[in-house]
Amino acid sequence: MSTRNIVLRPVVTQEMKDAAVRVLESGHYIRTTPDEVSEGKSLEQEFGAFVARSDRGRPHVANVANGTAAMQLAWLICDIQPGDEIIVPANTFSSVAHCVTLVGAKPVFADVEPDIYNIDPKSVEAVLTPRTRGIMPVHTAGHAADMDPIMAIAKKHDLVVVEDACQCIGGRYKGEPVGTFGGVGTYSFVQNKSLTCGGEGGALASFDEAKMRRAFNLANHGRGAQFHAGNRSEHPTFEVIHDEAGFNYRQSEILSAIARVQLRSLPQWIRIRKQRADLYRMLIADADLPVSTFLPRPWADHSYVRFEMRVPQHRDPLMRHLQANGIKAQIHYPTPLHLDEPYKSKYGYRAGMLPAAEQLAKEILTLPLYPQLTEDDCEYVVGHMKTFFAQLARTVS
Ligand SMILES: Cc1ncc(COP(=O)(O)O)c(C=O)c1O
């Protein structure tokens with residue numbers, strides 16, 4: 001078998017190139033007011049339609065620089081204060097905890113469900129304290145977190161829920177798009193997600209229009225309504241430019257234009273991802289390999305930003321074998337966040353406190369999954385998994 005290169009590659013179409021060049025030539029690279037004719041404004045409307053609910057319609061959307069900016073802004077617009085505690089899952093991307101920290105609050109880690117890798121509602125209940133103000137369920141790798149019990153806990157204890165849907169654009173819970181269950185949903189368009197712009201991008205969504213306007217303003221240096229109104233005249237003068245101190249978390253118009261084109265292809269790309277995930281699962285089951293794959297829960301419509309499996313033994317040598325054969329297998333995530341600096345020593349976490357997340361970190365392995373992955377590629381990947389375990393069996397006997 002000749003070596004292939006099975007690694008995530010961008011989909012680049014002529015339409016995307018044309019969109020980027022059109023904005024480049026226009027000279028309008030930055031959107032500074034919410035309602036100006038712009039790629040960012042159009043993306044907000046189109047993304048809102050993409051995540052619209054059957055019962056409530058389109059949420060309001062704020063287009064920002066990346067998913068991390070979206071999450072930090074989400075906590076700010078929910079008025080999370082220093083000293084507040086926010087419950088987050090332990091096995092996730094670092095910025096989930098960092099964003100809580102950067103608004104002065106304390107991330108409190110909860111354990112995860114061993115099959116879907118998402119925050120375990122029972123563990124959320126176990127780590128509640130009188131200082132708990134919010135919960136961030138993360139919809140991991142395209143599979144929704146179990147939102148009903150999480151929302152029930154939030155209601156009972158009057159907590160804010162900000163959903164991290166960065167890895168789950170196009171994913172659904174009980175038929176409705178993730179990111180629309182809590183107060184705010186956050187999304188990433190970074191290059192390894194299902195919508196990739198030209199490398200970086202993000203959004204927040206909420207049915208609270210005032211919150212989304214505040215997120216937009218905070219992402220634009222904190223400039224407010226007077227600036228937006230005055231900026232339309234030729235010689236603007238302002239009494240109040242800034243409503244509050246803000247950031248520059250804007251997304252470039254060039255990237256927003258590319259995202260708009262990609263959004264139209266996204267349902268088709270997710271369909272291919274699902275087919276390839278089903279094939280991986282079938283090939284692995286047919287080969288009777290000593291790894292565990294899981295079916296999505298009946299209430300989840302999986303968008304498969306990654307294909308994850310558990311490898312109880314020999315995970316790292318298997319990964320190295322796959323990589324040596326051109327297959328970019330990866331570990332998401334090698335260290336659960338409660339055992340990583342800056343959280344372990346600061347908050348006194350120890351190994352053994354969140355057993356499911358810790359075991360997952362030792363076993364999880366991610367196979368490449370992207371729209372151009374062919375059925376042949378899937379067979380190549382599983383073929384190399386078979387070779388690895390066959391060689392292992394020979395070495396042991
Ligand atoms: C679960 C999760 N949350 C948040 C982020 C942050 O998104 P970004 O890289 O766009 O800042 C990522 C992305 O990498 C992620 O996987």
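The values are calculated or read from the model by the stated rules, or taken from the named source; none is laboratory data. From a predicted model like this one, the values you see are computed outputs, not experimental measurements. Methodologically, a virtual Cβ is constructed for each residue, glycine included, from the backbone with ideal geometry; neighbour enumeration extends over all protein chains shown.
Suppose we keep only residues that are of a type in the set (G, A, S) and surrounded by fewer than 18 Cβ atoms within 10 Å (Cβ to Cβ) within segment 301-355. Which one would you say is farthest from I6 (Cα to Cα)? Step through it out loud before you land on a result.
In the first step, residues of segment 301-355 are kept if they are of a type in the set (G, A, S); the result is 303, 324, 326, 329, 345, 348, 351-352.
Filter again for surrounded by fewer than 18 Cβ atoms within 10 Å (Cβ to Cβ), leaving 324, 326, 345, 348, 351-352.
On the way: A324: 11, G326: 6, S345: 39, G348: 41, A351: 35, G352: 36 Å.
The qualifying residue farthest from I6 (Cα to Cα) is G348.
Of E163, E200, all but one fail to be over 20 Å from G40 (Cβ atoms) and either among the aromatic types (F, W, Y) or modelled with pLDDT of 95 or more (or both); the exception is E163.
Specify the residue that is farthest from the chain's Cα centre (by Cα); the eligible residues are those in segment 148-162 that are among the β-branched types (V, I, T) and over 15 Å from D84 (Cα atoms). Spell out how you get there, then give the answer.
Narrowing segment 148-162 to residues among the β-branched types (V, I, T): 150, 153, 160-162.
If we keep only those that are over 15 Å from D84 (Cα atoms) as well, we get 150, 153.
On the way: I150: 18, I153: 23 Å.
Looking at the filtered set, the residue picked out is I153.
Taking the criterion of being buried (at least 20 other Cβ atoms within 10 Å of the Cβ), within 14 Å of the ligand (Cβ to nearest atom), of a type outside the set (V, I, T) and within 22 Å of T366 (Cβ to Cβ), the only residue of segment 96-114 that qualifies is A97. Going by the structure shown, is V12 modelled with pLDDT of 95 or more, within 16 Å of the ligand (Cβ to nearest atom) and not in a helix (DSSP H, G or I)? So V12 fails the test.
The residue that is nearest to A229 (Cα to Cα), counting only those in segment 1-51 that are more than 23 Å from the chain's Cα centre (by Cα) and small (G, A, S), is S38. Suppose the filter is surrounded by 19 or more Cβ atoms within 10 Å (Cβ to Cβ), away from the ligand (no atom under 14 Å from the Cβ), outside any helix (DSSP H, G or I) and touching a residue at least 40 places away in the same chain (Cβ under 8 Å); does T180 pass it? So T180 passes the test.
Just so you know, in segment 122-165 the residues that are within 15 Å of the ligand (Cβ to nearest atom) and in a helix (DSSP H, G or I) include one that is surrounded by the fewest Cβ atoms within 10 Å (Cβ to Cβ), and it is A141.
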